[in-house]
1. Please determine whether any residue of the stretch 119-127 is among the hydroxyl-bearing types (Ser, Thr, Tyr), without any contact (Cβ under 8 Å) to a residue 60 or more places away in the chain and closer than 15 Å to GLY29 by Cα.
2. Working only within the stretch 1-50, note down all residues that are among the polar types (S, T, N, Q) and farther than 14 Å from ALA121 by Cβ.
3. For residues in the stretch 1-12 being assigned to a loop (DSSP other than H, G, I, E, B) and among the hydroxyl-bearing types (Ser, Thr, Tyr), which is farthest from LEU72 (Cα to Cα)?
4. Read through the list (1) part of a strand (DSSP E or B); (2) more than 12 Å from GLY78 (Cβ to Cβ), then give the number of the only condition that ASP15 fails.
5. Taking the residues in the stretch 87-131 that are part of a loop (DSSP other than H, G, I, E, B), hydrophobic (A, V, I, L, M, F, W, C) and modelled with pLDDT of 95 or more as candidates, determine which candidate is surrounded by the most Cβ atoms within 10 Å (Cβ to Cβ).
6. Assuming LYS67 fulfils every condition listed in (1) more than 16 Å from ASN84 (Cβ to Cβ); (2) surrounded by 13 or more Cβ atoms within 10 Å (Cβ to Cβ); (3) touching a helix residue (DSSP H, G or I) at 6+ places or on another chain (Cβ under 9 Å) apart from one, which condition is it?
7. Going through the stretch 57-108 one residue at a time, which ones are small (Gly, Ala, Ser) and without any contact (Cβ under 8 Å) to a residue 60 or more places away in the chain?
8. When both residues are 6+ apart or on different chains and their Cβ atoms are under 8 Å apart, which pairs have a first residue that lies in the stretch 29-56 and is farther than 20 Å from LYS79 by Cβ, and a second that is surrounded by fewer than 14 Cβ atoms within 10 Å (Cβ to Cβ) and among the aliphatic types (A, V, I, L, M)?
Amino acid sequence: MTQVKAPSDRSYTKDHEWAKVDGKNVTVGITAFAVEQLGDITLVSFDVAEGDAVVAGKIFGTIESVKTLSDLYAPVSGKVVKVNPNLETQPELVNDDPWDKGWMVVIELEGDAPLLLDATAYVAHVEASAH
């Protein structure tokens, strides 16, 4: 297994989503580890649109690869303020750059942010579950 990398400027879920907080807005994507496990991404589909409410831990879309179909879970509760328009025609952006260009949605945080894993705890979680 390759070394797990997780930027320290964001938080993580045990389901391999990342959340980068900027004031009340939280940009959400999936980790490079998740991308490695999925393989080549062929489709990203959202069950939400701008203005829709999402609940932490609930499904907001799916991601399909040559290997499998996986659900995407919201790491925070709030209102979707932006959906990455590029993923509809370029799902491979998630493979190419999961930390930046491959982001999924931006959620305007409702209430307090839930307790998510920091980068160190996320890497430990992945390494522990890989054995």
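1. no
2. THR2, GLN3, ASN25, THR27, GLN37, THR42, SER45
3. Let us first name the residues in the stretch 1-12 that are assigned to a loop (DSSP other than H, G, I, E, B), namely 1-10.
From what is left, the residues that are among the hydroxyl-bearing types (Ser, Thr, Tyr) are 2, 8.
Working: THR2: 23, SER8: 21 Å.
Filtering the stretch 1-12 for residues that are assigned to a loop (DSSP other than H, G, I, E, B) and among the hydroxyl-bearing types (Ser, Thr, Tyr), the one farthest from LEU72 (Cα to Cα) comes out as THR2.
4. Every listed condition holds for ASP15 apart from (1).
5. Here the residue is MET104.
6. (2)
7. Of all residues in the stretch 57-108, those small (Gly, Ala, Ser) come to 57, 61, 65, 70, 74, 77-78, 102.
GLY57, GLY61, SER65, SER70, ALA74, SER77, GLY78 - these are the residues of the stretch 57-108 that are small (Gly, Ala, Ser) and without any contact (Cβ under 8 Å) to a residue 60 or more places away in the chain.
8. Note: pairs meeting the criteria are GLY39/VAL66; ASP40/VAL66; THR42/VAL66.
The values are calculated or read from the model by the stated rules, or taken from the named source; none is laboratory data. In this text, all values refer to a predicted model and were calculated from it rather than measured experimentally. A quick note on method: Cβ atoms are made from the backbone with ideal geometry, for glycine too, and the neighbour counts reach across all protein chains shown.
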